[in-house]
Amino acid sequence: MTIDPLYVFVFLGLFTPGPNVILLTASGARFGFLATLPHVAGVVVGVGITAGLTGLGIGALILAVPAVTFALKLIAAGWIGWMAWKLLRSQGRKMQAGDHPFTFWQAVLFQWVNAKVWAVAVAAASGYALGLEPWAEALRLGSAF
């Protein structure tokens, strides 16, 4: 039995520390396993969609248009800076009535500004592409993620 190197790459790329792992761990610790499941499902779907779109060529388009690349970097840096600031200023407060984990759709949309997901998806598309038709490549990458 041979394991496709793409799957090894995806596993190592996505299950090493990054924004999703940190957010899911914190959410699970704070809100519990069951309450965090929509967040988990949103990450799975969002990463799959992002990888699939990269297989269709959106990753190449993003890299080809410097303004889009710069905007994504700014958004990602802003998000990471905001998270770091919130963590630094956190006093370990007790949960309040309005506190809740990410919803499914918030987690899906977060993948669009998650620099690690884009980096892994673009690397997978460029390093493990089989030269299939764009839709077939998108399906392959999206399902691998």
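The values are calculated or read from the model by the stated rules, or taken from the named source; none is laboratory data. Bear in mind the structure is a predicted one, so any value in this text is a computation, not a measurement. Backbone-built Cβ (ideal geometry, glycine too); neighbour counts: all protein chains shown.
Side notes on the structure shown:
- Any hit, region 3-19, residues being modelled with pLDDT of 90 or more, out of contact with any Asp or Glu (no Cβ under 7 Å at 6 or more places or on another chain) and within 20 Å of Asn114 (Cα to Cα): no
- Residue within region 20-28 that is surrounded by 11 or more Cβ atoms within 10 Å (Cβ to Cβ), touching a residue at least 24 places away in the same chain (Cβ under 8 Å), farther than 19 Å from Met83 by Cα and of a type in the set (A, V, I, L, M, F, W, C) present: no
- Selection within region 1-12 - in a helix (DSSP H, G or I) and either closer than 15 Å to Gly46 by Cβ or touching a Phe, Trp or Tyr at 6+ places or on another chain (Cβ under 9 Å) (or both): Pro5, Leu6, Phe9, Val10
- Matching residues in region 105-145 - criterion: being surrounded by fewer than 19 Cβ atoms within 10 Å (Cβ to Cβ) and among the acidic types (Asp, Glu): Glu133
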